[in-house]
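Beneath this line is the structure, given in structure tokens, with notes to follow.
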Amino acid sequence: MIIRDLAEARETRRFVKSEGWDSTRLLLKGDDCGFSFHITTLYAGGENHFHYKNHFESVYVISGEGTIEDKETGEIHELFPGKMYVLDKHDRHIVRPRTEMQVACVFNPPLNGREVHDETGAYSLEAEAV
């Protein structure tokens, strides 16, 4: 059994901050569960271009509001508490938070811990571990 506290994890190397967001990685590849689990904050007014070509991601909105745009189709979907989305086709997308958004994210394969997005909006498969 693994037990972790969000506030405590935010004071360790499990807390990663980058342009437009920060993320507390509560469960990682080294935990050997087959997926990683993160609580991420997307800052208000940002435009986050992501493309997880190496990972599948599921996101559940805990708080805040914004939109997600599918870059392939141009479709825009509203995001608000209780809404979720899954990037099941390595979808290129843009997340635009109108307010600060807190989301819960699951990645498969799991992240190592210190990943930030590269110039394509992706995470590397082998980044520095926590």
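The values are calculated or read from the model by the stated rules, or taken from the named source; none is laboratory data. If you're wondering where the values come from, they're calculated on a predicted model, not measured in any experiment. Quick reminder, even Gly has a Cβ in these numbers, built from the backbone with ideal geometry, and neighbours come from all protein chains shown. We work out accessible area using only protein heavy atoms, side chains counted, and drop any ligands, DNA or RNA first. Shrake-Rupley method; radii C 1.70, N 1.55, O 1.52, S 1.80 Å.
General observations
- Answer residue from the range 66-104, given it is of a type in the set (Asp, Glu) and open to solvent by 60 Å² or more (accessible area, probe 1.4 Å) and is nearest to PHE56 (Cα to Cα) among those: ASP88
- Scanning the range 32-51 for residues that are of a type outside the set (Gly, Ala, Ser) and farther than 22 Å from ARG13 by Cα yields GLU47, ASN48, HIS49, PHE50, HIS51.
- Exactly one residue out of PHE50, PHE80, PHE107 is touching a Phe, Trp or Tyr at 6+ places or on another chain (Cβ under 7 Å) and of a type outside the set (Lys, Arg): that is PHE107.
- Counted as qualifying within the range 23-130 are the strands (runs of 3 or more DSSP E) with 1 or more residues that are over 13 Å from the mean Cα position of the chain (by Cα) and small (Gly, Ala, Ser), namely 56-63, 66-70.
- For the range 105-116, a residue qualifies if it is open to solvent by less than 20 Å² (accessible area, probe 1.4 Å) and of a type in the set (D, E, K, R), and exactly one does: GLU115.
- Scanning the range 2-21 for residues that are within 19 Å of MET101 (Cα to Cα), loosely packed, with under 11 Cβ neighbours inside 10 Å and either touching a residue at least 60 places away in the same chain (Cβ under 8 Å) or of a type in the set (Asp, Glu) (or both) turns up just one, GLU19.
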